[in-house]
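In what follows, a structure is listed as structure tokens, so that the remarks can point back to it.
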Amino acid sequence: MDRQSSLEMLVDVLVSVLQANDWQETSLVLCHPWDIDGFLHLWAQRSQLLLRTVLDLGYLDEPRATRYLQQHGDRVRTLSSPVLLLGCDLHRARLVFQAAEELGLPPQELHWMLGFPLGASELQTEGLPPGLLAFGEVSRPPLELFVQDIVGLVSQAIAHAAGGRHDPAELQTTGSCNERHRAGGESPGLLLSRFLANTSFHGQTGLVRVENTALVRPEQQFRVWSLRRDSQGVPTWMTVGTWSRGKLELEEGAWQSQRQRKSPSEAAEGARTRLRVVTLVEHPFVFTREVDEEGNCPAGQLCLDPGTNDSAVLDALFEKIGNGSVPRAYKKCCYGYCIDLLEKLAEDMAFDFELYIVGDGKYGAWKNGRWTGLVGDLLSGTAHMAVTSFSINSVRSKVIDFTSPFFSTSLGILVRTKDTASPIGLSCGPCTGPCGWASSWRCT
């Protein structure tokens with residue numbers, strides 16, 4: 001019995017996650033002493049993904065691995081997203097991140113994935129780049145349940161073997177290791193092995209089966225985690241998917257594909273990143289006015305209001321802005337406190353942006369199996385960022401990241417007092433009670 005994950009299963013899990021990100025190739029850093037040629041052959045058999053840069057640290061201890069990374073800095077610099085750290089635990093992965101940082105390749109500029117199963121208790125955040133992907137087995141059952149399932153598997157195999165014989169007496173019940181097998185006969189061990197290889201059942205640990213005619217392997221499930229920042233900006237691990245029975249199930253609203261989370265550093269060298277920003281009109285944070293006769297905004301930022309969240313339509317409209325072919329009815333000038341914040345952020349972070357107003361006019365709620373409004377545009381990848389007066393709540397915080405609040409307010413309740421008749425000369429009389437600013441009034 002083997003409760004560890006087979007190399008074939010690890011490859012299947014990793015390939016599922018990489019393909020869910022729409023990645024077609026990957027860089028490989030190998031930290032486990034596997035036969036590299038054998039692994040590459042296995043990878044080619046079970047995946048269509050192309051492996052590029054391969055760094056083999058599998059047979060090196062920590063000091064030698066550090067020297068290897070320093071001596072092969074040119075190969076480290078050729079790493080490009082995504083980078084698969086196969087067989088690397090968190091400690092060895094940090095060595096790779098540190099070496100990349102020292103060689104002028106900040107880890108946060110690449111997409112990384114740990115190819116070594118971790119337990120939920122092993123997940124740490126210190127020294128790890130945001131966006132890091134990891135996976136680990138879900139709630140492994142205790143050994144006692146595995147043993148019970150093994151006994152059940154053998155019992156079923158024996159029952160099938162006995163049922164397949166016309167004469168149960170032909171089954172040998174005793175024997176010796178030194179006893180010669182009868183010519184033309186099948187030994188009890190081979191008979192049982194043959195039936196075991198064709199027996200599987202759902203036990204207390206899930207599906208139990210025999211692999212490669214000799215290895216009993218229980219069913220395994222894995223969770224896929226992504227290192228994100230919570231609403232307070234604190235790094236935290238978020239479950240984004242579950243792998244079971246050869247299939248990856250993604251968490252609704254939590255998974256962000258490679259296309260959706262393309263980082264600013266992945267823009268062409270020397271070019272400023274261009275982000276698409278969605279907003280919602282709410283005074284006094286965001287106002288709109290009409291464009292001038294030439295379709296420009298003398299003040300504020302040009303924004304589009306096409307009344308849609310279709311990314312293809314928005315792509316086409318923003319491409320037409322340069323040649324002035326966008327319908328005038330779609331053009332607005334957005335201004336206000338939030339727009340000023342966006343302009344300042346773009347200046348400090350060195351990016352450009354294109355701005356549009358959310359199509360359905362909603363902030364975002366879970367309705368009919370999907371997110372609407374601003375939240376829906378962010379999760380679908382239609383927009384990279386939302387800038388407006390946007391309330392932070394626990395439901396939205398589970399699927400999107402918020403900045404720190406830039407404005408807070410409180411509500412008060414005004415109650416009309418009871419009407420009473422007051423003499424016309426009341427304010428001319430002496431002050432008989434607590435007097436405020438009204439005591440300075442005089443009759444004329």
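Bear in mind these aren't lab numbers, they're just calculated from the coordinates by the rules spelled out. Quick caveat, the model's predicted, so the values are computed rather than measured. Cβ: placed from backbone, ideal geometry, glycine included. Neighbour counts: every protein chain shown.
Values as computed for the structure displayed
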| quantity | calculated |
| --- | --- |
| Segment residue 413-residue 108, length gained on full extension (0.36 nm per residue, minus Cα span) | 105.0 nm |
| Relative contact order of the range 1-111, pairs being alpha-carbon contacts under 8 Å that are 6 or more residues apart, as % | 30 |
| Length-normalised contact order of the range 268-397 in % [C-alpha pairs under 8 Å, at least 6 apart] | 40 |
| Value of D in µm² per second that Stokes-Einstein yields for the range 1-109, Kirkwood Rh from Cα pairs, at 20 °C (1.002 mPa s) | 147 |
| In sequence order, calculated HN-Hα J values of the range 298-313 (Karplus, 6.51, -1.76, 1.60; Hz; x Gly/Pro) | x, 9, x, 10, 5, 9, 9, 10, x, x, 9, 10, 6, 5, 5, 5 |
| Extended-chain gain in nm, criterion 0.36 nm per residue less alpha-carbon gap, residue 380 and residue 20 | 128.2 nm |
| Compactness of the range 268-397 - radius of gyration and Dmax, Cα, Å | 14.6, 45 |
| Ranked by how many other beta carbons lie within 10 Å on average, peptides 103-111, 362-370, 333-341 from highest | 333-341, 103-111, 362-370 |
| Stretch gain in nm, segment residue 403-residue 282, where the contour uses 0.36 nm per residue and the Cα spacing is subtracted | 41.7 nm |
